[in-house]
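Here is the structure we will look at.
The values are calculated or read from the model by the stated rules, or taken from the named source; none is laboratory data. As the structure is a prediction and not an experimental result, all values here were calculated from the model. FYI the Cβ positions are ideal-geometry reconstructions off the backbone, even for glycines, and counts take in every protein chain you see.
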Amino acid sequence: MNKTFIASSELVSFYKENIDITGCKNIEDIIDIFKLLLISNLSKLNLVYLKEEALKADWHIHTHTFEEIKKLNDDIYICHGCLKI
């Protein structure tokens with residue numbers, strides 16, 4: 001079950017990944033995969049500062065629950081640097 005996740009971040013706004021969430025048990029699993037893919041791509045481009053900042057960032061999804069993410073066909077934003085609701 002592929003879903004599109006987009007970064008909402010001053011560091012990498014609109015960075016987009018399609019992630020198969022079939023094996024995910026919760027939102028944290030999704031965020032971990034997104035973060036690994038982001039870090040990998042930043043490393044490939046030798047964007048060291050952005051990679052270090054992305055590693056330190058508190059990535060989260062506060063607009064949808066895990067169950068909503070599984071059901072929706074909408075893009076989901078993963079953000080950091082905002083006030084969590």
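Worth pointing out:
- When the test is whether a residue is of a type in the set (S, T, N, Q) and surrounded by 13 or more Cβ atoms within 10 Å (Cβ to Cβ), Asn41 passes it.
- Answer from Leu38, Leu11 - the residue that is among the aliphatic types (A, V, I, L, M) and assigned to a loop (DSSP other than H, G, I, E, B): Leu11
- When we screen Ile78, Ile33 for residues that are among the β-branched types (Val, Ile, Thr), at pLDDT 95 or above and surrounded by 18 or more Cβ atoms within 10 Å (Cβ to Cβ), the only hit is Ile78.
- Single residue of Ile33, Ile6 found to be of a type outside the set (Ser, Thr, Tyr), touching a strand residue (DSSP E or B) at 6+ places or on another chain (Cβ under 8 Å) and either within 14 Å of Gly81 (Cβ to Cβ) or not in a helix (DSSP H, G or I) (or both): Ile6
- Output for region 1-34, where each listed residue is over 8 Å from the mean Cα position of the chain (by Cα) and of a type in the set (Phe, Trp, Tyr): Phe14, Tyr15
- Per the listing Lys56, Lys71, Lys51, Lys44, the residue uniquely free of Cβ contacts under 8 Å to residues at least 24 places away in the same chain, in contact with a helix residue (DSSP H, G or I) (Cβ under 7 Å, 6 or more places away or on another chain) and charged (D, E, K, R) is Lys51.
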